[in-house]
There are 2 protein chains.
Amino acid sequence: MNSNAKASVITIGDELLIGQTIDTNSAWIAQRLNALGIDLVHRIAVGDNVPDITHALDAELERSHIVIVTGGLGPTADDITKPLLLQYFGGTMRIDERVLEHVRNIFSRRNRPMLERNLKQAEVPDSCEVLFNERGTAPGMLFRRNGRMVISLPGVPYEMMGIMEQEALPRITATYGNEVAIVHHTIVTAGEGESFVAEAIADIENALPAHIKLAYLPGAGMVKLRLTGKGHQQQLLQDQIATFAAALTQRLGHLVVSQTDEPMEYAIARWCATHNATFALAESCTGGLLSHLFTQIPSISHHFVGGVVCYTEDAKVRTAGVNPETLATYGAVSEEVACQMAEGIRAILGAQYALAVTGFLGPATGTENQPIGTVWIAVDGPQGTIARKHRFYYDRQRNKEMDASMALLLLWRYMNGTIVAA
Amino acid sequence: MNSNAKASVITIGDELLIGQTIDTNSAWIAQRLNALGIDLVHRIAVGDNVPDITHALDAELERSHIVIVTGGLGPTADDITKPLLLQYFGGTMRIDERVLEHVRNIFSRRNRPMLERNLKQAEVPDSCEVLFNERGTAPGMLFRRNGRMVISLPGVPYEMMGIMEQEALPRITATYGNEVAIVHHTIVTAGEGESFVAEAIADIENALPAHIKLAYLPGAGMVKLRLTGKGHQQQLLQDQIATFAAALTQRLGHLVVSQTDEPMEYAIARWCATHNATFALAESCTGGLLSHLFTQIPSISHHFVGGVVCYTEDAKVRTAGVNPETLATYGAVSEEVACQMAEGIRAILGAQYALAVTGFLGPATGTENQPIGTVWIAVDGPQGTIARKHRFYYDRQRNKEMDASMALLLLWRYMNGTIVAA
């Protein structure tokens, strides 16, 4: 079962070690390798200095078949990766004509002067295969040694992803792809904590064969259960995973909200596509987060017609159609205002569904009746209006995430008919 | 200069290696350690298995004085860290009464049944100091060996941060704090690329003394320059950094937008606080991202009155006061519509300033005159209305980020008077 190719990721940059940048590249690379049946076994971040990078290369080439290095390839003086790789793998620098032409084109298209240091980006060690970077000026490089490969990529995510997709993954697949199949299945649950879920399915978990693992991933108001199987027969493995997933789903009943490891907004978007539905948003405390999440999805404009971020009481009246008397009587964080926001924005924008959220995030708001952390969420649609109250005890940002998460869940359940208006 | 204490972070979890989770903990930990003058030299992610975790502990204890381990402490069966640490450091498991009482309270406050596996969270090796977790059930643990420390923390960011602030950082400071001062200064520039900036300041960079480093951090439409100095005399170091920062600032002139390493929305919020100003937003292609960014800031409700996400033409008319004829004549992505959106939302919400963004993100929109990637941004305020056009060539999400970044920059420059209406 251990004949999978192993991979390591080395990310280079002092900015990672002083916390100025969050590394999103590694997770993306991990997903892509995993889909090829390649295990990412190690991820490591080192500073911009030759000894640490060299030591990391030594250690990871010992451990893994594929070592992916990101960062340290830009045009400025703090970039040391390319000379280091030349030193490490030997050879001499050469100019790559295709890269040079490409860099020239980028600068002429943008009407920018071309500098000596930009020309240097076309220099590559003759000991590497050039991985062409359609999206930027710094090429990727692939070095081979003793049946292993080191792939060096720029740290800018958009460029890194382009080179991986177009240049690196095909070469990785050709050399190491698909020795062992890996199958994942994720069940998303909501409404109970990790311990409760674990207790409810303990006997199923204990009966899992050795080649299938179950992991618990707690998130904002939800717990994901991830089944992972490894084996040599893809179809058999898929059948086994499906059987266990079905058993877990039956046991957990109404706690299960999805069988796909996708954010809840994507599940809602898929539902809307299937049902040709439209929706609108009225956000107070979530402050645009829900709109932002939905508008990350391509073609969402067929379903998401628009929304308002009515952060003040005045804005609730002027943009979401809330009655000022309702605000005065019940306060901004109330069932009545949440329902009027949903009904109001649905009418104003002519949408089939509407979701509204109003709450106190903290740290400096709240009232005696509705303390910090209180949120009212309402959905309006063809089946009437429903509202739910939650209270969270976290800090501002986490409360906002929880509010958004619970709001998406309520809309999802309303659309699916698993929750109905009184 | 190398007498700083060194630290490593080990993050545990298969979810990190299959790319299901993005590690935000490490960056946060790095910032906190750095502020104490402690160098984070290594960050490493390993899977949920005993050999890899043990090997990582061996290697990082060799390398660093402080090893921080996150993840693998939850109540469910996939957690293996605690028994491993018991094995690694010796001792026997004991029940910690304070933790037990705390876990009981959490469950009784939430009216949840308490399970056997929750009780087990109060078990700790007697070879560790317990780091009390006010925010959750899994306690942190601190082990000492040969003048070095291993600190084990839960992976949930909110809980990890609480334990670090309240329990771990004070102990780290007591043992290793402030041997060497580290001073950072970041200058944020916009309008030119990394190479251009580097060329413009090459002589200043070359004149930097050995103990001061300059790094280039390219971001969405901006390049940050980070000066980092290390030394034994804090005040002298601060003066030196200030001198070089002033030289860089003078040289780069109008490209410099900020002297603080903070997101542009925070700079705008500070300006609004100083000038007692209010603003509103009308977002089309940025789809709520700008609202979301602003509402991450505590007390922003004093300045941000609200906004609309007018994703369709109809929504632009109904919620942002755009004239349907203007839409028909010029199209949704036009200077005229952008200006009407800004003027409209400013009037509707009675704000002093308004920012509007309308563009085509892709992948499936755009017109002959205004292709995918085109964006019009407008600001309306006491000095009149201005608008700017940009075009980006990235994918949907990156185009959205660039649009938001350019919009914030335009509002910032308008407020500062460095850009004026014609």
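Computed values, structure above
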read-out: Kyte-Doolittle mean at least -1.0, axial Cα span of 15 Å or more - DSSP H helices of chain A; value: A:25-35, A:50-63, A:97-109, A:234-252, A:264-275, A:335-349, A:396-416
read-out: Alpha carbon centroid spacing (whole Å) that separates the range B:302-379 from the range A:379-422; value: 29 Å
read-out: Label zone at B:Ala273 (point 7 Å along Cα-to-Cβ), backbone N below 18 Å, the range B:383-422; value: B:412, B:416
read-out: 7 Å along Cα→Cβ, label-point gaps from B:Ile204 to other copies, nm, shortest first; value: 6.2
read-out: Calculated label separations, B:Lys389, copies of the chain, 7 Å along the beta-carbon direction, nm; value: 5.3
read-out: Residues with amide H under 5 Å from that of A:Gly155, placed H, sequence gap 5 or more; value: A:Gly71, A:Gly72, A:Leu73
read-out: Cα gyration tensor category, rounded, prolate or oblate, for the range B:181-258 with a/c compared to 1.5; value: prolate
read-out: Least to most buried among A:His42, B:His55 (fewest other Cβ within 10 Å first); value: B:His55, A:His42
read-out: Residues whose placed amide H lies under 5 Å from that of A:Tyr353, excluding near-sequence neighbours; value: A:Thr278, A:Phe279, A:Ala280
read-out: Centroid-to-centroid separation of the range A:160-184 and the range B:121-184 [C-alpha atoms, Å]; value: 39 Å
read-out: Spin-label pair B:Thr92/B:Arg109, simplified geometry with 7 Å Cα→Cβ offset, distance in nm; value: 3.3 nm
read-out: Rounded to the nearest 20 debye, dipole of chain A from Cβ charges on Lys, Arg, Asp, Glu; value: 600 debye
read-out: Computed lengthening from B:Glu192 to B:Asp239, 0.36 nm per intervening residue step minus Cα-Cα distance; value: 14.1 nm
read-out: Rough spin-label spacing in nm, given labels placed 7 Å along Cα→Cβ, for A:His302 and A:Asn416; value: 2.2 nm
read-out: Amide H partners (placed H, <5 Å) of B:Leu40, local residues excluded; value: B:Ala7
read-out: Rounded if a/c under 1.5, otherwise prolate or oblate - the protein assembly as shown, Cα gyration tensor axes; value: rounded
read-out: Förster radius 35 Å - calculated FRET efficiency between A:His184 and B:Leu100, Cβ distance, rounded to 0.05; value: 0.45
read-out: Shape of the range B:144-189, Cα gyration tensor, a/c cut at 1.5; value: oblate
read-out: Estimated distance in nm for a label pair at A:Asn323 and B:Val50, the labels positioned 7 Å out from Cα along Cα-to-Cβ; value: 6.7 nm
read-out: Ranking of B:Arg32, A:Arg270, A:Arg110 by count of other Cβ atoms within 10 Å, fewest first; value: A:Arg110, A:Arg270, B:Arg32
read-out: Efficiency of FRET between B:Ile204 and B:Trp28 - r from beta-carbon atoms, R0 25 angstrom, step 0.05; value: 0.20
read-out: Mean projected area (nm²) of the alpha-carbon convex hull when chain B is viewed from all directions; value: 25.2 nm²
read-out: Most positive-pole-ward Cα, B:Val257, B:Val322, B:Thr21, against dipole of chain B from beta carbon charges; value: B:Val257
read-out: Taking B:Tyr311, A:Tyr266 and counting other C-beta atoms within 10 Å, the order from fewest to most; value: A:Tyr266, B:Tyr311
read-out: Amide N of the range A:98-122 lying under 16 Å from the label point, which is placed 7 angstrom from the Cα of A:Phe132 along Cα→Cβ; value: A:98-106, A:122
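Bear in mind these aren't lab numbers, they're just calculated from the coordinates by the rules spelled out. Only a predicted model underlies this, so the values are computations on that prediction, with no experimental measurement involved. Neighbour counts are summed over all protein chains in view; Cβ atoms, including those assigned to glycine, are modelled from backbone coordinates with ideal geometry.
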